[in-house]
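Here the structure is laid out as structure tokens; the discussion comes afterwards.
Here, each number is a calculation from the coordinates, and none is a lab measurement. Bear in mind that the values here come from a model prediction, so they are computed numbers and not experimental data. Cβ atoms come from the backbone with ideal geometry, glycine included; neighbour counts cover every protein chain shown.
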Amino acid sequence: MKHVNVALFAVHGGCPHMCSFCNQKSISGSEGNLKKEDVDSAVLTALKGSPDGFGNSGEIAFFGGSFTLMDREYMVSLLESAYFYVREGLFKGIRISTRPDGIDPEICALLKKYGVTAVELGAQSLDNRVLAANNRGHSAESVVTATRMLQESGFETGLQMMTGLYLSKDEDSIETAEKIIALRPDTVRIYPTVVLEGTELDRLMKAGLFRPKGVEESVALCAKLIPMFENSGIKVIRVGLHSGGGVEGKMTGGAYHPAFRELCDAKIYLEKAVSRLKDMPCGSYEISVARGEKSKMTGQKRQNIVHLQSLGYICRVSEGEEIVKYDIKIRKCDDIKRT
Ligand code: SF4
């Protein structure tokens, strides 16, 4: 069964800081505070399509804000509502996201008590200079401490990082990825910076003090980061902000594309094909990829095929067995016509 997340947004709930890039209302498309009844309503709507529940494939997820730093009674009321459906066996568990400084042993025990199975931390960077410049209000060391505490408590642990923040260079992002890999989280999300109206980054950009990276530059960087994680056995579950909500209408700069991950994957495949083909004579080749990866090798609007053609390689893409994601096999093939 396909994994299902019933996603609920607690807008700026519990945030002790206003991070340079954040405008939660734009990201979530939600204006008001999440209520207990909203949990029931979202879960019951999801269950209409699957009355027996989602078993091991479903989670109730609280995103946005700093869940564990919210008013304690309010946080528990949301967890209680969600935990009811977990106890009924309709969902596997509850997923929350929070800040590294919102984790301590008491919180870990409370989250366990109310059926939380996965915790994601907004790390954003593991460079203290970048964290301070973007008003995160926590250190790289607190990410390490919180991650270890969550792992020792048995939570599935996810880390979120951002690229292209104020005063961040590509080398910083690569270093952050290396430090995250050393922490061995279960999952990672990568968010290239999107500048939203009304944020500190918007002000810095308009004052000429910050130049956000566009889509192309961010895709090039993320195409380096994704294989670093995936080759280390860490699943990258999201790259780029979700479409929908208010992002499209509220962004003033930066790297947003509704299919950002697909662009990164296409870039990864193109670079791999170019590096393998460069030692082969120009001509016709078949490139085989893992099942389900053909469109990524081909690229949007066949861009990768067209690019390879411009280098003198006429290529056809097929899917093969025993090929792992992001790997390719190339064989000479004389029956392909130029398109
Ligand atoms: S990024 Fe997270 S911690 Fe920072 S203001 Fe937004 S929700 Fe709060």
Tell me which residues, restricted to segment 135-152, are surrounded by fewer than 24 Cβ atoms within 10 Å (Cβ to Cβ), small (Gly, Ala, Ser) and assigned to a helix (DSSP H, G or I). 140, 142
Which residue, of 309, 300, is surrounded by 14 or more Cβ atoms within 10 Å (Cβ to Cβ) and more than 30 Å from residue 208 (Cβ to Cβ)? 309
Only residues that are in contact with a helix residue (DSSP H, G or I) (Cβ under 6 Å, 6 or more places away or on another chain), assigned to a strand (DSSP E or B) and without any contact (Cβ under 8 Å) to a residue 40 or more places away in the chain: list them for segment 114-134, please. 119, 121
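For (1) within 17 Å of residue 9 (Cα to Cα); (2) of a type in the set (Ser, Thr, Tyr); (3) surrounded by fewer than 19 Cβ atoms within 10 Å (Cβ to Cβ), each residue gets a yes or a no:
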| residue | (1), (2), (3) |
| --- | --- |
| 44 | yes, no, yes |
| 52 | no, no, yes |
| 55 | no, no, yes |
| 59 | yes, no, no |
| 71 | yes, no, yes |
Tell me, please, whether a residue that is within 30 Å of residue 172 (Cβ to Cβ) and touching a helix residue (DSSP H, G or I) at 6+ places or on another chain (Cβ under 9 Å) can be found in segment 80-97. yes
